[in-house]
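The values are calculated or read from the model by the stated rules, or taken from the named source; none is laboratory data. In this text, all values refer to a predicted model and were calculated from it rather than measured experimentally. Here Cβ is always computed from backbone atoms with ideal geometry, including for glycine, and neighbour counts include all displayed protein chains. Protein only, heavy atoms only, side chains kept; ligands, DNA and RNA dropped before computing areas. Shrake-Rupley method; radii C 1.70, N 1.55, O 1.52, S 1.80 Å.
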Amino acid sequence: MGAAGAIRRAASAAFDRACAGARGFRRALARFAPRPSAFAPAADAEAAAVRAVRNLRTFRFHYAVLQWALLLASLAPRHRASVVFLMAASKGLLVYGGLLKAFPNSALLRRLLDRRLVAAVFVALVLADIAAAGAVANLLAALAAGVPIIVLHASFRVRDDLEGPLPDGAAENGKEDETSAVVEKKEDGDVEAGPTRRSMAVAPRSPK
């Protein structure tokens with residue numbers, strides 16, 4: 001009974017983790033490409049550049065995952081050993097990210113394992129493995145497939161908090177509210193200014 005209960009608990013925990021991972025993936029996918037109306041061309045080249053830089057900052061994790069998946073897919077048919085090595089390296093990178101998330105204020109962790117240093121070591125390991133496996137053509141193919149998608153997404157993805165024009169009824173209500181607020185403010189100013197004008201006036205002297 002005890003072993004069966006432990007197996008059930010382990011299976012339940014694994015199922016919960018799988019469900020949580022699926023929900024997280026669905027949320028990430030919905031944020032990356034929520035609906036067709038979330039994509040629109042920019043007004044000019046400068047606006048497109050600003051939008052692309054902002055989206056590269058916002059969606060850098062999504063772009064990295066997309067490029068990583070394309071690289072693994074290009075290596076899978078003929079370079080399975082490289083796929084296993086790169087997946088192990090990515091697991092180590094995820095462990096590092098989990099440590100930073102669990103201990104965000106750890107000065108020791110940040111000094112010993114700086115983010116830039118870890119990123120440089122990871123990229124060096126990936127490039128060294130690809131060069132050793134003779135898979136440079138696979139890397140170039142993955143970049144050729146992923147970079148245009150990233151550039152298009154960064155250039156056309158509209159901000160989530162960008163609101164469209166208000167409906168006619170809402171716009172008229174807004175104008176009426178502004179007009180009433182201005183009228184009330186003017187009335188309040190007249191009421192407050194009245195005693196001031198009266199106090200500035202010279203009172204008539206009483207006859208002696």
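Structure above, values below:
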quantity	calculated
Selection status of Glu163, in a loop (DSSP other than H, G, I, E, B) and either over 29 Å from Ala42 (Cβ atoms) or modelled with pLDDT under 70 (or both)	yes
Filter result for the condition that a residue is surrounded by 13 or more Cβ atoms within 10 Å (Cβ to Cβ) and aliphatic (A, V, I, L, M), over Leu112, Leu93, Leu108	Leu93
Test for Arg205: is it at pLDDT 50 or above, surrounded by fewer than 10 Cβ atoms within 10 Å (Cβ to Cβ) and not in a loop (DSSP other than H, G, I, E, B)	no
Candidate set from the stretch 75-87 (those that are open to solvent by less than 60 Å² (accessible area, probe 1.4 Å) and not polar (S, T, N, Q)); member that is farthest from Phe61 (Cα to Cα)	His79
Verdict on Arg78 being assigned to a loop (DSSP other than H, G, I, E, B) and either of a type in the set (Phe, Trp, Tyr) or over 23 Å from the mean Cα position of the chain (by Cα) (or both)	yes
Filter result for Ile149 (in contact (Cβ under 8 Å) with a residue 40 or more places away in the chain, open to solvent by less than 50 Å² (accessible area, probe 1.4 Å) and in a helix (DSSP H, G or I))	no
The lone exception for Leu29 - which of (1) at pLDDT below 90; (2) surrounded by 15 or more Cβ atoms within 10 Å (Cβ to Cβ) it fails	(2)
